Amino acid sequence: MHGSSRAVGCYLVTMVTVNRVQTGLRIEGRLLKVLKGLAEYLDMPLGELVEGIVLHAFDGSAPFGQPTLDKIAQLKQVYDLELTAADAHRLLEQDG
């Protein structure tokens, strides 16, 4: 599962080889806009951002520090995203 080592900044990290697959994920539109904006801000592909968020969640740890959380708050304002974790299992898709 683990691959080669490479320098990232001033650190030497062991890269992990994975098998990525294309998927047809359906997601709330404003949430997607915030995620895309954050991926752009962090200069990383959207899929890698989602992978990182999920892996942190699976470990029970927070994926972001305060500066990134501040950016997320800005993006949520820009894209009028008011949903929170409390809404996670109460979303009803509108017809059309």
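Table: residues versus (1) in contact (Cβ under 8 Å) with a residue 24 or more places away in the chain; (2) within 22 Å of VAL18 (Cβ to Cβ); (3) within 15 Å of the chain's Cα centre (by Cα).
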residue	(1), (2), (3)
LEU46	no, yes, yes
LEU55	no, yes, yes
ALA62	no, no, yes
GLY65	no, no, yes
ALA73	no, no, yes
TYR79	yes, no, no
ALA86	no, no, no
GLU93	no, no, no
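Residues that are in contact with a strand residue (DSSP E or B) (Cβ under 8 Å, 6 or more places away or on another chain) and either within 22 Å of PHE64 (Cα to Cα) or not acidic (Asp, Glu) (or both) are absent from the stretch 31-47 altogether.
The rows are residues; the columns are (1) of a type in the set (D, E, K, R); (2) within 19 Å of ALA88 (Cα to Cα).
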{"residue": "ARG20", "(1), (2)": "yes, no"}
{"residue": "GLU28", "(1), (2)": "yes, yes"}
{"residue": "TYR41", "(1), (2)": "no, no"}
{"residue": "GLN66", "(1), (2)": "no, no"}
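Please enumerate the residues belonging to the stretch 17-66 that are of a type in the set (Asp, Glu) and either within 19 Å of THR84 (Cα to Cα) or assigned to a helix (DSSP H, G or I) (or both).
Narrowing the stretch 17-66 to residues of a type in the set (Asp, Glu): 28, 40, 43, 48, 51, 59.
Those that are of a type in the set (Asp, Glu) and either within 19 Å of THR84 (Cα to Cα) or assigned to a helix (DSSP H, G or I) (or both): GLU28, GLU40, GLU48, GLU51, ASP59.
Among the residues of the stretch 68-96, just one is farther than 20 Å from LYS33 by Cβ and either in contact with a Phe, Trp or Tyr (Cβ under 8 Å, 6 or more places away or on another chain) or part of a helix (DSSP H, G or I) (or both), namely ALA86. A Cβ distance below 8 Å, combined with a sequence gap of six or more or placement on separate chains, defines the contacts here; from the stretch 12-34, residues that are free of Cβ contacts under 8 Å to residues at least 60 places away in the same chain reach residues that are of a type in the set (D, E, K, R) and assigned to a strand (DSSP E or B) in the pairs LEU12/ARG6; VAL13/ARG6; MET15/ARG6. Considering the stretch 41-73, the residues that are farther than 21 Å from GLY24 by Cα and acidic (Asp, Glu) include one that is surrounded by the most Cβ atoms within 10 Å (Cβ to Cβ), namely ASP70.
FYI, it's all coordinate maths here, none of it is from the lab. As the structure is a computational prediction, the values presented were derived from the model and not from experiment. With ideal geometry, Cβ positions are generated from the backbone for all residues, glycine too; neighbour counts draw on all protein chains shown.
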